[in-house]
1. Using the beta-carbon distance between Ser237 and Glu314 and R0 = 25 Å, what value does 1/(1 + (r/R0)^6) give for FRET efficiency, to the nearest 0.05?
2. Please give, to one decimal in nm, the separation of the simple spin-label points placed at Val176 and Ser253, each 7 Å out from Cα toward the Cβ.
3. Using modelled backbone amide H atoms (1.01 Å from N, in-plane), which distant-in-sequence or interchain residues come within less than 5 Å of Tyr294's amide H?
4. With labels modelled as points extended 7 Å from the Cα through the Cβ direction, what inter-label distance (nm, one decimal) is found for Val123 paired with Asp264?
5. For Asn144 and Met1 in the same chain, what is the full-extension length gain: residue separation times 0.36 nm, less their Cα-Cα distance, in nm?
6. So what J values fall out for the range 8-17 if you push phi through Karplus, 6.51 cos²θ - 1.76 cosθ + 1.60 with θ = phi - 60°, rounded to Hz, Gly and Pro as x?
7. Arrange the following residues from fewest to most other Cβ atoms within 10 Å of their Cβ: Arg279, Arg58.
8. Using a simple spin-label model with points 7 Å from Cα along the Cα→Cβ vector, what separation in nm is obtained for Met184 and Tyr20?
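Values in this text are rule-based calculations from the coordinates and carry no lab data. The structure presented is a predicted model; accordingly, all values stated were derived computationally and were not measured. Cβ atoms come from the backbone with ideal geometry, glycine included; neighbour counts cover every protein chain shown.
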Amino acid sequence: MSPAMALLPLRLFLGVTFVYAGIQKLSDPGFFHEGAPTYIGTQLHGFAAGTPGGFVLRTFALPHPILAGVGVALTEILIGLLVSAGLLTRIAAAAGLGLNLLLFLFLTASWHTSPYFLGPDIVFVFAWLPFVLVGAEGQPAIDNVLARPSAAFSRRTRLRLPEAGEAPESATTRRVLLAEFAGMAVAIAGISALAKGTYSAARGLAAAPHPRTSKGPGAAGEAGSAHGASPSGSGSSPPPGAVRLGSGNRLSSGQAATYSDPSDGSPDILIRDEAGDLRAFSAVCTHAGCTVGYQGGVIYCPCHGGEYSAETGEVIAGPPPSGLAPRRVVESGGQIYALPA
C-alpha cells in the first residue's frame, strides 16, 4: 500500500465527521431553543468564559447566536463534503484546520483542557495537516480526475463534449462542482433542520432559571461571591472568613445561581434543592472547562452535554471524567455566606 492510500481512511474520517458535526447541530431540537441545555447562545456564553479570544464571541457571535450557529454548521458540512469527495482538498483541509485552530485558541473550551492532548480540536488541527500539504494526491478523489480531464466528466459539467483540440476548462469545472457541493450542503442542512422535531424541556420538568439570569445570591446589586457545597447552617453570626453572597430568600427551592469563588475567582454554582437545603460545587466542567448550569434537577454542561448530580456533584452522563468539586456555604441570619476552599 502506498503512503497516500494509507491516509485515505483519515481523510474520509475527517470528512464524514465534519458533515456529521454540522448535521448534529442543526438536528438538535434545543440548538435554536433559548433556555435549552444545548442552546447555541448558552454554548457561546460557556465558550467565551476564560478563553483568550472570548472577546471575538462577545463582539460578533453572542449578539447573533442563531446566525453564528447556522454559519458554523453549514461550513462544517461543506468542508466535510469537499474533503470526502476529494474536491479542492487542500483548500477544504486548510479551512478545516483553520476552523479547529480557531476553536482551540479562541472559541471553545478546548483551551482549558489539561493536558492539551485531551482537547479534540488540537488533535484535529494536526490530522488536517497532511491534506493541507499534499491534498488527496495518490488517492481516489475528484481532484485527481480533474487533473486528467475526461470527456465524460467534461460533458457532465459543461453540457457538451469539448471540440477537437480544445482543452477542458478545469477551473470552470471546479467552480461548477463547488457550487453544486455548496447546494448539497444547504440541502443537507435544511433536511437536518426540518427533521429536528419539537423541543421539550429535559425530563419533562420545569426548568430552573439559568444561573446567569437567576435572582439568587451573586445577582446584580449584591456584593461579594463564593462557592459552596456543604449543607446550610443556621445561627446569628457567620463563620470567620465567610464572604456574604446575599439574602437567602432570593434563592427559592429548585433554583440556582453562580458566583465567584472567594479563593481564586473561578465560577461556582449554588443550588437550593426542593427541601430547602443548599449545595454548592465548582461550576467548571471537568471535561473541557465550560461553565455549567442547572436545569431539570441536574447540573449540566452546555458545551458537550455532560451531566452531574445536583446532590453529590458526581458525573451521571456525558464525557466528564470526574465530578464537580464541592464548595462550602452556610446560611446564617437570613444571609448566605461562602467559605474559602
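1. Plugging the Cβ-Cβ distance into 1/(1 + (r/R0)^6) gives 0.15.
2. Label at Val176, label at Ser253, 7.0 nm between them.
3. HN-HN under 5 Å from Tyr294: Tyr300.
4. Each label point lies 7 Å from its Cα, and together they span 2.5 nm.
5. Extra length from Asn144 to Met1 when fully extended: 49.7 nm.
6. 3J(HN,Hα) across the range 8-17, in whole Hz: 4, x, 5, 4, 5, 4, 4, x, 5, 5.
7. Going from sparsest to densest Cβ surroundings: Arg58, Arg279.
8. Placing both labels 7 Å along Cα→Cβ, they lie 1.8 nm apart.
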